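Colleague: Shown below is the structure under consideration.
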Amino acid sequence: MVDAANGLAPPAALTSFVGRAHEFAALSALVASDRVVSILGPGGSGKSRLAWELVGRRHERGGAWCFTELIDDVTSAAQVAERVAAALALPVGAGQDALAELCARLRDQDVLVTLDGCERAVEPIAQIVARLAASCPAVTFLVTSREPLLVAGETLYRLPPMTLPQPADLADPQAVATCDAVALFLVRSPRAPESLSHADGLLVAEICLELDGAPLAIELAAACLDHVELVDVARGLSDRFALLSRGPRGPRGAPARHCTIAACIDWTHDLLGEPDRSVFRRLSVSAGPFGLAAATAVAGWSALDDSAVTAAVSRLVDRSLVERAPAAPDGTARYRLLTTLRAYGQRELDSAGERTVTSEAHLSWWGGLGRDARDALEGADAQDWLARLRYAADAGEWAAGADLITALTLFWHGAGLHREGLRHAQRTR
Ligand SMILES: Nc1ncnc2c1ncn2[C@@H]1O[C@H](COP(=O)(O)OP(=O)(O)OP(=O)(O)O)[C@@H](O)[C@H]1O
Ligand SMILES: [Mg+2]
């Protein structure tokens, strides 16, 4: 019998857990129904913290569990099995096969096995999970990772950002303070005001939005208030890699990859092969969502053909460096980079000396759209081009939007649809 009380505890949290009510409920339901549940997301998005919380509450209810941190150098399936056995306090003698022992001991057990930080050893961990899941029907795995294990039956749960203020909230500082991202900022701030003034509420909202609701970045930004003012933090985000660093003053004990926002991204970026690095940095010229056609136009040069770019985009999505965005009006897939990842990509673009050539490829792709619009409008269905104009507006591609408006103006003028044209032009402004 596995003794729940013997399970190795998740690290004791020294700071309060904030929000995530919806995500907690969704994950609890998944863990109750599915065998392998992977919480996925970029570095510092709160995967481990949510898993600790789930395990902690299971512990309170008396369910059996174990928690295994695998973030450091685990290179073989045998090591993974030994770690899980150790976390369950199962004695495995020298020379014994830890996996065989685990299969035998867990065969009839209802245990939640939590594997935290799997992205650096996906293959050996996947082997162990597949073997144990097949041999032990009541064992459930909760995985945190920046990329999926890709084992049969794995349910992927992509952790969304913490909830952010909506435009309608901005008039009311109390409404701003209730969303998770702002609540985390305030609770981690060394000088949190008793109540948020309107001006400060706007600044905190701006900071959280600029950081895409990413908890690690929010914690690092809040810690800055120890030595600068809110307005300095908001302005400082234009150079976020210099600002978002725990610096020499701690807190001590934070893992090195969480001490600066750059180190947090390096952790994944260092694992990329050269084609994926090239595509990632080149995609950073896109201000908003983009489709595969734009991706190949922007990143597909110097030895990277369209299929290489498409394959790289899929791998970057797997590694949580690029995320899926809502589909385009024509139903095709769209992608985007979170603001901090985009800023990282742009730094890489500059170091590779590729900024000019990539920006030119980007401009020429959107410029081509404008020219196509002019050619196609004679007798063609303008709705399709209006959809592209909306796409450009959503993507924040203002120069492209202006090109499309120029093209469409001829159509609106010819068709006597001046009011209609004005409405669309105002939206793209
Ligand atoms: N809901 C939350 N409430 C309070 N703090 C949080 C919450 N989510 C995350 N944090 C804090 O944000 C930081 C990053 O979170 P966490 O370690 O869970 O990220 P992660 O996604 O596991 O990152 P990595 O991919 O590097 O392992 C931690 O300091 C954590 O305590
Ligand atoms: Mg983690």
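Colleague: Could you tell me which residue of the stretch 59-92 is nearest to Leu27 (Cα to Cα), considering only residues that are within 16 Å of ligand 1 (Cβ to nearest atom) and hydrophobic (A, V, I, L, M, F, W, C)?
Modeller: Just the residues of the stretch 59-92 that are within 16 Å of ligand 1 (Cβ to nearest atom), to begin with: 67-74.
With the extra rule that they be hydrophobic (A, V, I, L, M, F, W, C), the set shrinks to 67, 70-71, 74.
Values: Phe67: 16, Leu70: 21, Ile71: 21, Val74: 26 Å.
The residue in question is Phe67.
Colleague: What about Arg246, is it more than 17 Å from the chain's Cα centre (by Cα), touching a residue at least 12 places away in the same chain (Cβ under 8 Å), more than 18 Å from Val122 (Cβ to Cβ) and crowded, with 23+ Cβ neighbours inside 10 Å?
Modeller: Details: more than 17 Å from the chain's Cα centre (by Cα): yes; touching a residue at least 12 places away in the same chain (Cβ under 8 Å): yes; more than 18 Å from Val122 (Cβ to Cβ): yes; crowded, with 23+ Cβ neighbours inside 10 Å: no.
Against the criterion (more than 17 Å from the chain's Cα centre (by Cα), touching a residue at least 12 places away in the same chain (Cβ under 8 Å), more than 18 Å from Val122 (Cβ to Cβ) and crowded, with 23+ Cβ neighbours inside 10 Å), Arg246 does not qualify.
Colleague: Same structure again: For Ile265, work out the one condition from (1) assigned to a loop (DSSP other than H, G, I, E, B); (2) at pLDDT 90 or above; (3) closer than 28 Å to Ala13 by Cβ; (4) of a type in the set (A, V, I, L, M, F, W, C) it doesn't fulfil.
Modeller: Here Ile265 meets the rest and fails (1).
Colleague: Next up: Here is a list: Ala25, Ala51. Which entry is more than 16 Å from ligand 2 (Cβ to nearest atom), part of a helix (DSSP H, G or I) and out of contact with any Gly (no Cβ under 6 Å at 6 or more places or on another chain)? It would help to see each step written out before you state the result.
Modeller: On the way: Ala51 fails: more than 16 Å from ligand 2 (Cβ to nearest atom).
Only one candidate passes the filter, namely Ala25.
Colleague: Residues in the stretch 39-58: is at least one of a type outside the set (D, E, K, R), touching a helix residue (DSSP H, G or I) at 6+ places or on another chain (Cβ under 9 Å) and more than 16 Å from ligand 1 (Cβ to nearest atom)?
Modeller: Keep residues of the stretch 39-58 that are of a type outside the set (D, E, K, R), which gives 39-46, 48, 50-52, 54-56.
Those still in the list that are touching a helix residue (DSSP H, G or I) at 6+ places or on another chain (Cβ under 9 Å) too: 39-46, 50-51, 54.
So of that shortlist, the ones also more than 16 Å from ligand 1 (Cβ to nearest atom) come out as none.
Scanning the stretch 39-58, I find no residue that is of a type outside the set (D, E, K, R), touching a helix residue (DSSP H, G or I) at 6+ places or on another chain (Cβ under 9 Å) and more than 16 Å from ligand 1 (Cβ to nearest atom), so the answer is no.
Colleague: Continuing with this model, one more query. Out of the stretch 202-218, which residues are over 12 Å from the mean Cα position of the chain (by Cα), surrounded by fewer than 24 Cβ atoms within 10 Å (Cβ to Cβ) and not aliphatic (A, V, I, L, M)?
Modeller: Once the filter is applied, which keeps residues that are over 12 Å from the mean Cα position of the chain (by Cα), surrounded by fewer than 24 Cβ atoms within 10 Å (Cβ to Cβ) and not aliphatic (A, V, I, L, M), the stretch 202-218 yields Glu206, Glu210.
Colleague: Further question: Only one of (1) surrounded by 14 or more Cβ atoms within 10 Å (Cβ to Cβ); (2) among the charged types (D, E, K, R); (3) at pLDDT 90 or above fails for Asp239. Which number is that?
Modeller: (1)
The values are calculated or read from the model by the stated rules, or taken from the named source; none is laboratory data. Every value quoted in this text rests on a predicted model; they were computed, and no experiment measured them. Cβ atoms come from the backbone with ideal geometry, glycine included; neighbour counts cover every protein chain shown.
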